[in-house]
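Below is one structure, written out as structure tokens; the observations come after it.
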Amino acid sequence: MGDHIKEDAFLGIDVGSVSTNLAVINVKGEVLAYIYRRTQGQPIKAVQQGLKELESELPGDISILGVGTTGSARYLSGVVVGADIVKNEITAHAVAAGHVAPEVRTVLEIGGQDSKIILLKDGIVVDFAMNSVCAAGTGSFLDHQSARLGIPIEEFGDYALKADEGAQIAGRCSVFAESDMIHKQQVGYGLEEIIYGLCQALVRNYLNNLAKGKDLLGPLVFQGGVAANSGMKRAFEAALNTEVIIPKYYNVMGAIGAALLAHESMMFEERKTNFKGFAAADFNYKTSSFSCGCCENNCEIIKIKVDDKVLARWGGRCGKWELDQANRRRDTSGVSSSV
Amino acid sequence: MLAAFPRMGHIDILLGDLLDRLGIDYLLPPVNSEKTLVLGAKYAPEFSCLPLKLNIGNFIEALELGADTLIMAGGRGPCRFGYYAEIERRILKDAGYDFNMITIEPPSLGFFKFVGPIKKVSGKSIRKIWRALKESFPKARAFDQLEKLVLKTRCYEIKTGATTKAYKKALDVLSKISGPKEVDGYLEEALALVEGVEKNLDRSVLKVGIIGEFFILLDPFANLDIEEWLGIRNVYLERSVYVTDWIGPTANNPVGGVSDTHLAKLAENYLSHFVGGEGLASVGHTIHYANQGFDGIIHLFPFTCMPETIAKTILPSVGRDLDIPIIHFTIDEQTGKAGVATRLEAFLDLLWSRKRQNEKKRLVKSRQLV
Amino acid sequence: MKVGYPQALLYYKYFPLWERFLGGLGAEVVLSGATTKNTVSMGTIAAESELCLPVKVFYGHLLELKDKVDTIFVPRFVSVEKKSYTCPKFLGLPDMIRSINDELPPLITPKIDLDKGWREYFRTIHELGSNFSSSKRKIFSAYRAGVLALRDYHNQLQAGSTPIEFLEKKKYRKVKKTGLKIGLAGHPYNIYDTYTSMNLIKRLREMGAEVETAEMLDDNIIKREAARLPKKLFWTYEKEVVGTVFHWAHTHSVDGIIYVLSFACGPDSLIQVILEHELRSDTALPMMSLVVDEHSGEAGLITRVEAFVDMLQRKKMAQLC
């Protein structure tokens, strides 16, 4: 066995407001290990603990040749781990979907706080849309209702599949949907019908928000944390009248995409990775914020420090503080060399 | 060819009669409902107004029933409605429907743009079209006059629901009208039915003017049946717009009774220029009703309606200066009946307490005089 | 006399004209300055909540000016060509402004209504000028100077400068070009307001993309393209947006289009349908609509713009391979 030959691998990290996902792939794009965990409002901690868990799950000797970060906390996590590439989550999801199903034409993605639709052709993104404003089109819609019904979200799928038909739950807005759901309960609908009705309402909201005026061609891939809910798959298939594929690693697709992007970028430009190693988990990072105060905009600037050394700052409208970011690569590599 | 046109209150009386006279086959899509709205909202842009969403819903329902020709009004702006026919055509084509769209432009954009499309679908001469138009108007106007009477009657009825019952009977009477010569006779009969409702004229009622965007005002589904709701709660109503006034060729508004020029003059100090749609008329009517001693104003319009949003911006200063309470309702597919009812109840409470206070003041004054 | 000029709405279209004209008559034209968070929050508080963002921003500029000037210039733009209108909000703007609760200095509100013909227009100009000078000759020579200034401005824009660079003398950093060209469509008060657009032009340029806007194109091309609509649009400024996008769609002279529209904008909601319909086919240019409002977060905007630029770049790369 190639005990002494380390397998080349790439790490992808997707830090969103609800979940933090990490994935390691090899040069063939196969997933070697992955972690899915809650962010719980502490992105740095989530990344550090995720790295620890990931290291223990990784098979044998591997060497990380590149790291990509994505998700709403992509810049922050990029600084923490020493990312080689920082990409937005739309591109990351699209790349991952194109990788698992090369023929894919439509990616439906529903996360905890936002949702996206991505249309591809020949593996290339041709159109996309993202909703981050309306909660009724995201996973938080179901989370909210599950708390109200007192039924764990994990069991939603089982209930929804038992329903003959969904209860018609109106309202594009979480608040309206909730009052309508209570009404339907009072009228005497069963739990199964109501839960399937909620899935249908979410699908309707999602399609109204994001798919208006777009042709959703097959194959369709449904990914993101909400894809675990088989009621949602059923509702999508009923609404679109076609089969919907759920990829094996549906809930870490963002991380897989980031890893693939890291692979791609390291291939194009020959350079050494900035990755600080799994030990990045041991640093004591501190983030803080302050008001710029240089103009009336008074932007909130986010600062991240390790041992009183400022690693990065960002957040201003004018880009004044981001100028520091141009030096970020040097700064971060400085830290990693001191390890 | 099987034509269809959108639903809006009883506009089908006018358009149906007209198409009959022109020998055009048509079908009526179902009246506006939740289903119509859900269908429309699915295809219409989010920030378009409720009328567009309902139009789209109507047309889809009509196309599913077999219509192949859609008839829609045009316009010259600046209100968006004038471009809806074009937008609807694109949305429905993109949704995969096959049909022919006939847009009837207002005569002010050129006489031929108005009469040309009608000529094309009916194959009738301009003279015949003209006659058909002239003959179908009086019947529709009779419906408006009946409606106007109902709004003033309901608040006095002794038995709740009596007016609505009489109204339904009266509508049956009016639908017997087959030509302009029969209008007077049947209208008299219909009005008599509503006038015959047992009333308590000593009852203290609130006088409220309903103003705003025409579609919402004219369509009971769009306005959540607000008129009946108010009527049975002892509110005497007058409304700023009627179907034939809106669609009619003159600016005199024979049913509503206040001409556009007069309204513009009333509004002058607050809004000195037209802003499309009924924006200027809404301001003018508020002042008109305030001058007539009304107790309050209810302003209804679709969410994102440009002219009425302008009116809404200006109306608070009118209300302050003329001391008349105004309540605004922005209506879209998310508007719930329950929420509107709660706010309306509170508004009526406010109007009643003002009325009582004013009466008390008047009483004290007259005592002092004695 | 100090005349306040709100740096919002049609400022990006006509400022050089009115500045030179009023300045030539001895008025001191005072600008409100670039939009800031403060401008938006003042405007949002003062304005009816259902109004669109650009009008709220205008309110904010007005309030920032009110204590610094003797009068504020708020023209009523009814039409700027025959048989067309501007947006209804422009028709009612001075009246809406007057209903603000705050004490305002007197407003100068000339009515620009070119549908009524040039005679009527020049009467308006004369009347406007009479506020500052009694000499008809002086008024019209000042106006002529204004027209020349506007022409110079248009020439600068067509040479590739943006209104921000010209009016505010801002310079953009030179960055490495990637060969990507993006058409930026939308109302000037959305795309050029650095706050509303969150510095979109600057961001795109920093990502290595060249940006083209309607102002850089020949007017006649835009008019000709807009005339392809089966029914003429009755709003002039929206017609410009449509004509511009049709031109790009037609010639493929850009790699992709970003269409910036404001939340609850009436005309934009329809224009979007027309543009999407036009760009529907498989071979059509990609277009992304960006909705801006007073709540829109910067993070969401950046993510979308980055993803769009990525998409265009990857597409280009795939075509090369």
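Numerical summary
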| quantity | calculated |
| --- | --- |
| Residues of region C:130-176 satisfying the condition of being modelled with pLDDT under 90, surrounded by fewer than 19 Cβ atoms within 10 Å (Cβ to Cβ) and in a loop (DSSP other than H, G, I, E, B) | C:Ala159, C:Gly160, C:Ser161, C:Glu168, C:Lys169, C:Lys170, C:Lys171, C:Tyr172, C:Arg173, C:Lys174, C:Val175, C:Lys176 |
| Test result for B:Arg89, within 12 Å of chain C (Cβ to nearest Cβ), over 16 Å from B:Gly276 (Cα atoms) and surrounded by fewer than 24 Cβ atoms within 10 Å (Cβ to Cβ) | yes |
| Region C:293-321 residues that are at the interface with chain A (Cβ under 8 Å from one of its Cβ atoms) and within 30 Å of C:Lys37 (Cβ to Cβ), paired with ones that are in a helix (DSSP H, G or I) and hydroxyl-bearing (Ser, Thr, Tyr) (beta carbon under 9 Å, 6 or more apart) | C:Glu306/A:Thr91; C:Ala307/A:Thr91; C:Asp310/A:Thr91 |
| Odd one out for B:Phe329 among (1) within 13 Å of chain C (Cβ to nearest Cβ); (2) more than 21 Å from the chain's Cα centre (by Cα); (3) modelled with pLDDT under 95 | (2) |
| Conditions (1) buried (at least 16 other Cβ atoms within 10 Å of the Cβ); (2) touching a strand residue (DSSP E or B) at 6+ places or on another chain (Cβ under 7 Å); (3) of a type in the set (Val, Ile, Thr); (4) outside any helix (DSSP H, G or I); number of the one not met by C:Thr194 | (2) |
| Filter result for the condition that a residue is over 26 Å from B:Leu14 (Cα atoms), free of Cβ contacts under 8 Å to residues at least 40 places away in the same chain and buried (at least 18 other Cβ atoms within 10 Å of the Cβ), over B:Ala170, B:Ala264, B:Ala166 | B:Ala264 |
| Options C:Arg224, C:Arg205; residue that is of a type in the set (Lys, Arg) and modelled with pLDDT of 95 or more | C:Arg224 |
| Residue match in region C:59-66 (condition: within 14 Å of chain B (Cβ to nearest Cβ), within 20 Å of C:Glu127 (Cβ to Cβ), buried (at least 22 other Cβ atoms within 10 Å of the Cβ) and of a type in the set (Phe, Trp, Tyr)) | no |
| Breaking point among (1) crowded, with 22+ Cβ neighbours inside 10 Å; (2) under 28 Å from C:Leu261 (Cα atoms), for C:Leu22 | (2) |
| Single match in C:Val241, C:Val273, C:Val291 (criterion: aliphatic (A, V, I, L, M) and at pLDDT 95 or above) | C:Val241 |
| All positions within region A:35-79 that are within 24 Å of C:Val305 (Cα to Cα), outside any loop (DSSP other than H, G, I, E, B) and aliphatic (A, V, I, L, M) | A:Val67, A:Leu76, A:Val79 |
| Residue check, B:Val115 modelled with pLDDT of 95 or more and of a type in the set (Val, Ile, Thr) | no |
| Residue count, region B:37-93 (criterion: of a type in the set (Val, Ile, Thr) and under 23 Å from B:Leu19 (Cα atoms)) | 4 |
| Leading residue by the ranking (nearest to the other protein chains (Cβ to nearest Cβ)) among those in region C:20-45 that are assigned to a strand (DSSP E or B) and aliphatic (A, V, I, L, M) | C:Leu31 |
| Test: residue in region C:260-275 that is touching a strand residue (DSSP E or B) at 6+ places or on another chain (Cβ under 9 Å), facing chain A (nearest Cβ under 8 Å) and of a type in the set (S, T, N, Q) | no |
| Condition check for B:Ala95: in contact with a Phe, Trp or Tyr (Cβ under 7 Å, 6 or more places away or on another chain), among the small types (Gly, Ala, Ser) and either at pLDDT 95 or above or surrounded by fewer than 18 Cβ atoms within 10 Å (Cβ to Cβ) (or both) | yes |
| Residue satisfying all of: in region C:81-103; of a type in the set (A, V, I, L, M, F, W, C) and out of contact with any Lys or Arg (no Cβ under 8 Å at 6 or more places or on another chain); surrounded by the fewest Cβ atoms within 10 Å (Cβ to Cβ) among these | C:Ile100 |
| When residues of region A:276-301 are limited to those that are in contact with a Gly (Cβ under 6 Å, 6 or more places away or on another chain) and within 16 Å of A:Val79 (Cβ to Cβ), the one farthest from the other protein chains (Cβ to nearest Cβ) | A:Lys276 |
| Condition check for C:Ser253: in contact (Cβ under 8 Å) with a residue 12 or more places away in the chain, surrounded by fewer than 21 Cβ atoms within 10 Å (Cβ to Cβ) and among the hydroxyl-bearing types (Ser, Thr, Tyr) | yes |
| Filtered residues of region B:38-79 (kept if touching a helix residue (DSSP H, G or I) at 6+ places or on another chain (Cβ under 6 Å), outside any helix (DSSP H, G or I), small (Gly, Ala, Ser) and more than 14 Å from chain C (Cβ to nearest Cβ)) | none |
| In region B:300-325, residue farthest from the chain's Cα centre (by Cα) [restricted to those that are surrounded by 21 or more Cβ atoms within 10 Å (Cβ to Cβ) and more than 12 Å from chain C (Cβ to nearest Cβ)] | B:Ile324 |
| Per-region count, region A:246-267, residues over 18 Å from the mean Cα position of the chain (by Cα) and either more than 16 Å from A:Lys28 (Cα to Cα) or not hydrophobic (A, V, I, L, M, F, W, C) (or both) | 3 |
| Residues of region C:279-292 that turn out to be more than 9 Å from every other protein chain (Cβ to nearest Cβ), under 30 Å from B:Phe81 (Cα atoms) and not in a strand (DSSP E or B), as a count | 4 |
| Test: residue in region C:202-220 that is within 14 Å of chain B (Cβ to nearest Cβ), in a loop (DSSP other than H, G, I, E, B), charged (D, E, K, R) and surrounded by fewer than 20 Cβ atoms within 10 Å (Cβ to Cβ) | no |
| Region A:93-112, residues that are within 16 Å of A:Pro43 (Cβ to Cβ) and crowded, with 23+ Cβ neighbours inside 10 Å | A:Gly111 |
| Meets criteria (free of Cβ contacts under 8 Å to residues at least 60 places away in the same chain and under 23 Å from A:Lys6 (Cα atoms)) for A:Asp84 | no |
| Check on A:Leu207, in contact with a strand residue (DSSP E or B) (Cβ under 9 Å, 6 or more places away or on another chain) and assigned to a helix (DSSP H, G or I) | yes |
| C:Val69 vs. criteria more than 11 Å from every other protein chain (Cβ to nearest Cβ), outside any helix (DSSP H, G or I) and either in contact with a Ser or Thr (Cβ under 8 Å, 6 or more places away or on another chain) or at pLDDT 90 or above (or both) | yes |
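The values are calculated or read from the model by the stated rules, or taken from the named source; none is laboratory data. Treat the numbers as computed from the prediction; the structure is a model and nothing was measured. We place every Cβ from the backbone using ideal geometry, glycine too, and count neighbours over all the protein chains shown.
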